[in-house]
Each structure stands twice: as structure tokens, then as C-alpha cells.
1. Answer with yes or no whether residue 631 is of a type in the set (Ser, Thr, Tyr) and surrounded by fewer than 18 Cβ atoms within 10 Å (Cβ to Cβ).
2. Within segment 820-846, which residues are among the polar types (S, T, N, Q) and either over 15 Å from residue 798 (Cα atoms) or outside any loop (DSSP other than H, G, I, E, B) (or both)?
3. For segment 389-478, list the strands (runs of 3 or more DSSP E) that sit wholly inside it and hold at least 1 residues that are open to solvent by less than 20 Å² (accessible area, probe 1.4 Å) and at positive phi; which are they?
4. Return the residue satisfying two criteria in turn: it lies in segment 667-723 and is under 31 Å from the mean Cα position of the chain (by Cα), polar (S, T, N, Q) and within 30 Å of residue 420 (Cα to Cα), and of such residues it is surrounded by the fewest Cβ atoms within 10 Å (Cβ to Cβ).
5. Considering each of 181, 250, 263, 226 in turn, give the residue that is out of contact with any Leu (no Cβ under 9 Å at 6 or more places or on another chain) and open to solvent by 10 Å² or more (accessible area, probe 1.4 Å).
6. Looking at segment 307-327, is at least one residue among the hydrophobic types (A, V, I, L, M, F, W, C) and touching a Leu at 6+ places or on another chain (Cβ under 6 Å)?
7. Taking only segment 579-604 into account, find how many residues are part of a strand (DSSP E or B) and either loosely packed, with under 11 Cβ neighbours inside 10 Å or not aliphatic (A, V, I, L, M) (or both).
8. Read through the list (1) under 29 Å from residue 136 (Cα atoms); (2) hydrophobic (A, V, I, L, M, F, W, C); (3) open to solvent by 40 Å² or more (accessible area, probe 1.4 Å), then give the number of the only condition that residue 870 fails.
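The values are calculated or read from the model by the stated rules, or taken from the named source; none is laboratory data. This one's a predicted model, so the numbers in the text were calculated from it and none came from an experiment. Note that each Cβ is placed from the backbone with ideal geometry, even for glycine, and that neighbours are counted across all protein chains shown. To get the accessible areas, we keep the full protein, side chains included, count just its heavy atoms, and leave off ligands, DNA and RNA. Shrake-Rupley method; radii C 1.70, N 1.55, O 1.52, S 1.80 Å.
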Amino acid sequence: MRVFFFFYIVICPIFSFSQGIKISGAIKDKLNAGIENASVVIYSLDENIIAFTHCDEKGDFNIAFATPEANSIKVSVSSLGYIKKETMLQIDNKSDLKLSLILEDKVETLSEIVINSDQKIKIDNDTTSIKVSSFINKTEQTIEDILKKIPGIEVQKDGSIKAHGKPIDKLLVEGEDMFDKNYKFLSRNLDAKVLDLVQIIDYFDDNPVLKRLNNSDKVAINLKLKKGLTNVWFGNITLGSGIVSENRWKESLSLGLLKKSIKLFYFGDYNNQGEKASEMITTNIPEKSNFSTDRFEYKTKSLYNIGNNEVEFFSKTQSIFNAAFLNSLSFTTKMNKKTSLRGVVYVVNDKQKQNSFSLTNYNLDHSQISFTEDNFYKSNKTLSSAELELKWYPNDKNYITNLFVFKDNPNRISNDLLFNTDQINQSLKTENYTFYNHFNHSYQVSANSVLNNYLYLGNDKIVEKTSIFSLALNSFFNANEHSYINQNVSNKLFYFGGVSKLISKFRKIDLTNNIQIEYSKEQLASTFLIDNLEIIDYQGILLLNQLKLVSDNVLRYNFSKKVDFTAGINLQNNVFDAPNVKEKIFIVNPTVSFNIKKTGFGNFSLSYSKNNTIPNSNQLVNNYQLVDYRSFLKGATYQNQLKNSLVSFNYYLFNDEKRFSISSGLFYASAKSIFNTETTLTNNLNFKTYRQTSGGNSYNFNFSFVNYIRKLKIASKIETTQMWNISPVNVNSNLFIDAKSYNNSIKYSLTTYFNRPINFDSGFTYNYNQSDFNGVKTNNTVQDFFLNGNYEISNELLVELNNSFYIVNNRNYSFNNIILNYSPKESKFSYRLFFNNIFNEKEYAFVSIDNYIYYQSKVQLVPRYLLLTAKYRF
């Protein structure tokens, strides 16, 4: 360990300041005019790309890269409409070279004309361009509908997007980032008809200084819109109303403006079709990147929870009773040639009503505890935010950004329920205020080294006011049977810090050395009252201060362009100051990985990492606190670090041109030390206490195969996920007993692209869950089948049939919808008629299993309705 530490702290910085090469110059035409966006590519003698850039509006360029092993390089310059020019440059001992070239016009004399404008997929270096017209069937309404059908792209159930096997970093429009991490506003609202081309960009980095090092592992998607949409307002307005049966509505407005000086998008929507507006907000912000900039955004923990009892695997339009409101505006503008400004403002609101009935059994050794719940749930959830990002690129060596984010998220929930035969009323009012600020300055120290300084601060505050009427709670506290219980919670988190990161390239070595210092203060205070009298034993106070000093060092050795080995070590010294505990905690987290990429056999990655941490604040509160109407939770005193490790193997092979991909992953996680809970269950109340114990093990295997058969014009996908988990559980016992669970999911889908009026999209899913706890085995099975067909009656009239069939523990459910699309020729109007839930399925019963808990629920389903919409595009 000492040798390893000495290598990173002493030797790595020496490499970081090694010499490199910088080439500058101009690319012009015969009239001595600069050629904007001319491509300049540097090749080694073995034809590997070393670096690349594009000329500015004057034809000038600057490019920097690490000194190659050979004394000469090849420079290739090209631009649309000009003849490509290549030249060799001698490097010798030079570090600063000048190069100016004149490109000649490309003049072609055609004796015969061959038109190939419909090239479906084109690969140019790290960019894969895909024409969307080859992968649509006119049923697509939004960008997301199209992306689901594009080779190399996956749209997850929550709307997040993966490309070439990785979560995307950005979703760009004409090269501009509009919504940052909340790109679902764009993918779920922008009209499908405006899209012409989708570009997948590998090794993406939107920081121009860091981009020169060419060592990013990010991926992005760029949307190219159809011609004629620049410099004009475009968009659509939709009006819809329910007819004949259940009252439904949909109103939406979409606006876009793409000019050289400003790009702008506005999306507004109001509907009660079941989709949730709040699900467009991304809450999981990436925190750390080895060879790029970081972003740290921390949040406090909410305490009290009222569940809505939703059905997870159904479509939202089948089972969610919700009125959604969306209002969002995004813009980017060039203030001058060196400065740009991006802003996003949004307000979303969901008003949900959900009725359900459930039966819960606790299967234990000596007794079986059982109860029923009749739930009448209402919520009013609002998420609003404003963010402003300033980008300044004063010269080739400096790039500065500042991002400010403010959020205001109030929430109101009420729930009237029958617990067995007892009436319970509960309401929860939550206020959540947040702001973050991120400042980044990237400075090119040398041709192969960039220093990035990152300053950040944040403040997050949650205030919860809970009111409960419960005969069981009143009886437990010996209170009047008509008493109301109130729990008021305030949780504040303030933090600030800085990271100085040196990112370097030296021949075959990529290096990152960073130092981080961070201070945080968290204050939690809760009061527990019965008839306005405080109950001291059930309220919590916690003041947690932390001062962290972190050294994070990563080395990547590139055996070749396709093979690399990466090793890293994260060292943390944490001054931890909590009630009854004040000590210095030293944490060591090593990581290693071996990668083989972009070979004819695919991409391979084998990695091992340790993740030693300290407990969350909510795990350290000394007294019991109420977390739902029948459950109390108590924290524990800190003892030592929580320890776990992860071993993973990933394989991915994609060929976008042949529309073929294989993805597979195997993961093993082992927890040496965790915060677990001791649980005491009674007929009316639950009591849980955190304890630090040994953890369990889990295995996860996933596999997916996508293939397109050109002759048959059929695309198929098969995927499976297998999970095994062993974890210690303590319920009404003095011992922790291992609980075993197994989950198996198999999915198959098939899509046709016939040059005929009719096409299909079909498939099935098989889900099996099994639990084994204390000798009691339980299992349940869910299967679903779907068959969607679309038939083009004429060029103006298209009919869609959507059919889903579910088998849940031998009970059957079917959902059948019809959609008529009428788009008159040479008209800006189009019309859609939705016939939802034709056979009027009214209720759904399902079963879930979690170790010793058997849970059966019945949920109301959205009744049959007709909705007619008219859309006007401009």
C-alpha cells in the first residue's frame, strides 16, 4: 500500500507536466477566405487518430496533444465541397508548430447520376448518424417514441436514455444542450415529426479544453431537425376532450426557435390521462467523473411516508388517476463570441387520487400477523426550479462555467383508511427548498495537462408537518381516543467545498490527481405532540458536522487504442462530529478495471471496487421517530465504517449499421458491514432499530440481444435479468437469520418494418419471484403479452390497435385500446381518437413477496373512455 500511495502522490504529478505538441494555423480557400468547421485530424504513423478539432468562423484552429513516439505525424484536413488534403509534419524536438493550408474546390463531372440520399446509418469517427425515416411507422408522437426504435439506443421505463450501452450525458438539439440532466422534458414533449437525424456521439465532452485530451468515456445524443425549422418559430398546439363516456382532457402547446444567436423551447401540457409530470424530473445527479468535471448535489432525507399503492408494471394510463400540469422554458443564447448563457425554468404539478385495498401477512415462526387496509389516497405534488448556466471561453487555454440551481418543491398528501375496522386519518404537508451553485475553471497547463478547479455549495431544507388520528396510537400512548398526533420535522443540510483536479496525458498514460476539501453541517429536529403536549421520548435532535479531506488518484494505462488498465485509490480523512461521537475516520477505497473496447469481438470490462462509507444522519437519531402511521424507527450510535465491495464483468457488442447488439453483465456484491434493522412486530404497530451487522451477498446477471433481419425486415430483442440475494433479517427474534430471494425476468419483443400498410409490435414478459425466510417459501408469477398493430388505411388515415394481456398468479387481465390517426394532406391539422380500455377492466389484484411479508392488493383501474384531440402544427 505504501508503494502504491507513493506512486500516485509523487510520481503521477511528474508525468502530468510532461511536454506535448501544439499545432496552430488557418485553413482557407483559393480566395483567401477562412473555411469554417473544416476538420483537422492528426494521425500517428500506424493510422491511429491522435487528436482532432474544427476551424472557427475565420478558418483558424488550435490543436494540442501528447508527444507521439514517432518523430512525424500525418495531418488530414477536409471540408464539405473541398478536396481533402493530407500532409506529413516532422516533430523532432519541437513543441509549437504552425500549419496553414489552402483547400481546392471539389468539382465533379457526372456522366450518370446516382442518388443515395437515404443512407440510413453513417459512421464518421466517433459519431454515428441515423436517419429516422427508416425506423418509424407514423404512430410516433414524441422524440422518445422514435428513440425507442433507433439502433444502439435504449429508452428505460423511467424515460432515461442509454446509447451504446451507457447512460447518456446530454441530449442535444442541433449541438446545443437545452435541458441538462432534465432532458426528458425534450424527449417526451418535442414533436416526432420535426426530427430528421439522430447522432450518437461517443467519447463526448462539452468542455472544449478537456476535449483536447480526448480521454472522455461519456456518450451523448444529438438531434438534427428537419430543414426549414431554423430562424422561424415552429411547434404545435393540441386540444382534446373526452366524448360519450368518462370525462378526459388534454391541452398542450409546444414552441421552438432555432437561430444562430438564440435557441428556445417552451413546453406546456395539461391532461388527466395518467402520465405524471413529476416523472420528467431527474433526481439522481451524477457526482463523480475520473477524467472530466465533477458535480456534487446532496439532499436531506424525508422522514414520514404515505404510500400511494401504485401498480409498477402497468402503463400509467391504465392504473393511475392523475391530473398533470407541465410548464417549462429552456433557452441558450450567445451573448458574444466568447460567452453563452443557458437557462431552464419549469413548474410541474401532479394531483393524484388512488383507491386500493390490501392484505398483509407477516409469516413468522410462532405467530402469523395479518391485517387489511382500505386506502383513499390524495396528493398534490409540485416541483419547480430555475437554473442558470454561464459559459465563458476567453481563449484556447481557459474555459469557465457557473451553474446556479434553485428548487421549491411543496407536497400535500392526505390518506383516509380503514385499518382492519379502525378509521385512520393522516395528512402530510412538506416544504422543500434547495439551491446549488457549481463553479468550474479549466486551464490548459501544457499541451497534455489540464487543471480543473471546482467550487461548490448547496443548501437543502425539508420541513414536514404530519397530523394523524389513530386509535392504535392513542391507545399505545394512553391518550384520549379522540386525540390527534402531530409530528413536526425540520431537516437542514448546508455544505461547501472545492476540488482541484489535474488531468494529464503522457504517451500511453492518462492521469487524474485531485484534492478535495468539504465541510457540511446537518441539523435535524423533530417534535412529537399529542393534543399539543410534547412527548420527549419520541422526538429527535441531531447535529452532524463533517470536515472531509479527500485525495483521489486514477491512472489509466493504454496498452493500445483498444486495451487499457485503470487503477485508482480514494483516500478520505473525515472529522466526524455527531452526538456521543467525535472522531477522525480514515477511509481507503481502491478500484481497478481492465477494458477491451471497439474490437471485432466487442467491448469487455472487468472491474473491482471497494466502497467504505459512514452512516447517513437519519441512521444516528437516538429516539424512536414515527415513519408511517404504524411504524417507529430508531437510530444507533456510530461504531465503525460500513464496508462493501463489488466485482463486475460487462460485455457489449454493437453494430449500428447492421442493427445488431449484444449486452451482458455479471455483478457480485458483498457487504461486510451494514446498518441493518431489528424489527418488533405487533398486531397494530412496528418498531425498528438500526444495528450495525455483517451484510449479505447478491448476484446479478443480465443479458440482451437485439437483431435486425434485413430480408424479413424484422427487428427482435430478447433480454433476461437474474438476481440472487442473501441478506440477514431480524424480526421478533434475538437473532439475524439469512433471508434468500430470487428474481427472474425474461422479455422478448418483435417489431416489423414491412413496406406494406400493416406492421406489428409484439412480445411477452415472464417474471418470477421467490422468497425463502426461516423455512417458509413463497413465490409468485406474472406474465404479460402485448400485440400492437398499425394499419395504414390510406395516406391520410392510420389505425392503431394496442392489446395487452396479463396473467397474475392464474388471474387474467386484458387491456385493449384503439387509436385512429387522421392527417389530411397539405393540412397543418391532424386528429386522433383514443378509445381506452375497450372492455372496461375495473380492478386489478396483485401479489408481492419480500422475505417474511406477503402482500396482496387490489387497485382500481382507469375506466373506459373516448378522447378526441386535434393538433395544429406551425
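1. On the way: of a type in the set (Ser, Thr, Tyr): yes; surrounded by fewer than 18 Cβ atoms within 10 Å (Cβ to Cβ): yes.
Yes, satisfied.
2. 821, 827, 830, 836, 837, 840
3. Values: elements: 398-408, 411-419, 422-446, 449-469.
Correct list: empty, since no element meets the threshold.
4. Only one residue tops the list, namely 677.
5. Working: 250 fails: out of contact with any Leu (no Cβ under 9 Å at 6 or more places or on another chain); 263 fails: out of contact with any Leu (no Cβ under 9 Å at 6 or more places or on another chain); 226 fails: out of contact with any Leu (no Cβ under 9 Å at 6 or more places or on another chain).
It is 181.
6. Step one: of segment 307-327, the residues among the hydrophobic types (A, V, I, L, M, F, W, C) are 311, 313-314, 320-321, 323-326.
Right, trim to touching a Leu at 6+ places or on another chain (Cβ under 6 Å) and you get none.
No, segment 307-327 has no match at all.
7. Narrowing segment 579-604 to residues part of a strand (DSSP E or B): 581-599, 602-604.
From what's left, either loosely packed, with under 11 Cβ neighbours inside 10 Å or not aliphatic (A, V, I, L, M) (or both): 582-584, 586, 589-591, 593-595, 597-599, 602-604.
Qualifying residue count for the region: 16.
8. (3)
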